[in-house]
Amino acid sequence: MIQDLSINEFLNFLKNPRKYCLITHRNADIDALASALVLREIIVKLNKLSEVYVITPEGVDAVSKNFIVNLGIPHNIYDDTSFDGSCDTFIVVDSASREQLGRYSYISGYVLVDHHVVNSLIDDALIKLYDPSRKATSEIVSLLLLSIDSDLSSEYLTLLIGGILYDSRLLQLADGTTFKILSDLIGLGGSYDKARSLLIRKSQIDYSERIARLKGMSRLGIYKSGKYLITITCVGAYEGNILKILIDNGADIGVAVACRDDGLRITVRVSEDVVKELGKPLGGLLASYVASNLGGSGGGHSLAGGSYVKGVTPKELLSIFKEFFSSITGDFKIIDNGRWVEECS
Ligand SMILES: [Mn+2]
């Protein structure tokens with residue numbers, strides 16, 4: 001039977017010498033990576049005979065890479081194609097579903113260390129250290145660390161702070177326990193300043209992405225349907241990132257149109273609030289509406305959608321958007337057409 005282990009019981013489990021493989025979710029973010037790297041330190045500290053391999057399916061994301069390079073943390077991390085060893089114990093770290101485990105999606109008899117509220121890996125976990133009330137897996141690993149007599153270097157403590165800041169959205173989701181843990185990590189030598197500045201550093205954005213973002217902003221059209229603000233722009237790269245920025249800055253729905261050789265690629269993002277309010281998978285609905293009315297392909301889910309249409313002008317596309325949104329809210333008004341129609345013609 002599945003058991004919820006207390007921290008002490010979990011530490012006792014880790015004292016057994018084994019070959020551990022720690023698997024994070026695909027394209028590990030800083031919460032996943034910090035959790036796995038510190039867990040590796042804890043396991044080795046508990047028993048020097050243990051071998052521990054950190055495996056990040058499809059590698060690590062840009063923020064995580066920046067963190068470990070800047071902090072000078074050893075790079076002995078494997079992606080799922082470069083690891084050819086074997087292990088007798090899998091520990092799944094900061095993952096919510098099998099699809100997130102890449103090549104390791106088949107594993108059974110694993111240990112789970114996680115905080116995701118919706119997690120389909122729980123049922124098959126042999127042993128789990130699972131607390132959905134924690135805002136980051138790094139908090140759970142910090143609690144493990146704080147319960148042993150540890151002299152972990154300040155770099156690893158800073159890494160954990162980074163994981164907590166990242167998953168708590170720079171403390172927007174933090175609670176009293178989060179602050180207590182952060183205070184303890186800082187007390188042991190972790191650097192809040194360093195973690196914070198590594199997280200928000202702007203210079204990490206590629207030059208090409210900066211140009212695409214600024215072009216996206218400069219061409220923006222603004223429309224209103226019911227009470228919802230819809231922004232449409234014409235941009236050929238980084239559409240997802242640009243639409244996220246638009247939604248973070250007040251758009252309810254963002255659409256990016258890219259001119260391709262023989263057609264238009266349309267990317268849609270919808271804010272979580274709008275999806276909750278309408279109770280419809282709006283991103284996917286809009287993308288498939290565009291596709292089926294203009295003879296292309298398209299689909300998606302609540303928050304995101306995409307379609308591709310051939311032989312269609314941006315003006316025709318705009319009238320399809322108008323039709324779609326009018327059918328949802330009853331109207332569609334132009335606030336400012338911007339320059340996207342011209343740029344995408
Ligand atoms: Mn996480």
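The values are calculated or read from the model by the stated rules, or taken from the named source; none is laboratory data. These numbers come from a predicted model, not from an experiment. Positions of Cβ are generated from backbone atoms using ideal geometry, with glycine treated the same way; all protein chains shown enter the neighbour counts.
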Of the residues in the stretch 10-40, those that are more than 16 Å from the ligand (Cβ to nearest atom), touching a residue at least 40 places away in the same chain (Cβ under 8 Å) and assigned to a loop (DSSP other than H, G, I, E, B) come to Arg18
Given the criteria touching a strand residue (DSSP E or B) at 6+ places or on another chain (Cβ under 9 Å), aliphatic (A, V, I, L, M) and closer than 24 Å to Glu316 by Cβ, does Val268 qualify? yes
So which of Ile148, Ile140, Ile122 ends up being over 25 Å from the mean Cα position of the chain (by Cα) and of a type in the set (Val, Ile, Thr)? Ile148
Are any of the residues in the stretch 336-344 more than 33 Å from the chain's Cα centre (by Cα), loosely packed, with under 13 Cβ neighbours inside 10 Å, more than 19 Å from Gly226 (Cβ to Cβ) and modelled with pLDDT of 95 or more? yes
Looking at (1) more than 16 Å from the ligand (Cβ to nearest atom); (2) at pLDDT 95 or above; (3) hydroxyl-bearing (Ser, Thr, Tyr), which is the only condition Thr178 fails? (1)
Applying the selection to the stretch 44-58, what residues are more than 16 Å from the ligand (Cβ to nearest atom) and either surrounded by 24 or more Cβ atoms within 10 Å (Cβ to Cβ) or not assigned by TED's automatic domain parsing to the domain that holds Ser138 (or both)? Ile55
Just checking, does the stretch 19-37 include any residue being of a type in the set (Asp, Glu), farther than 23 Å from Thr158 by Cβ and in the same structural domain as Ser154 (by TED's automatic domain parsing)? no
Expected single match for within 12 Å of the ligand (Cβ to nearest atom) and touching a residue at least 40 places away in the same chain (Cβ under 8 Å) among Val111, Val141 is Val141
Ile266 vs. criteria within 16 Å of Phe321 (Cα to Cα), of a type in the set (Val, Ile, Thr) and at pLDDT below 95: yes
In the stretch 150-173, which residues are within 16 Å of the ligand (Cβ to nearest atom), among the small types (Gly, Ala, Ser) and modelled with pLDDT of 95 or more? Gly162, Gly163
Flag if Ser191 is crowded, with 22+ Cβ neighbours inside 10 Å, touching a helix residue (DSSP H, G or I) at 6+ places or on another chain (Cβ under 6 Å) and modelled with pLDDT of 95 or more: no
Flagged pairs (Cβ under 7 angstrom, 6 or more apart or on separate chains; first in the stretch 155-170, among the acidic types (Asp, Glu); second more than 10 Å from the ligand (Cβ to nearest atom)) are Glu155/Leu71; Glu155/Gly72; Glu155/Ile73
Which one of these is within 15 Å of Ala34 (Cβ to Cβ), within 15 Å of the ligand (Cβ to nearest atom) and not hydrophobic (A, V, I, L, M, F, W, C): Ser133, Ser95? Ser95
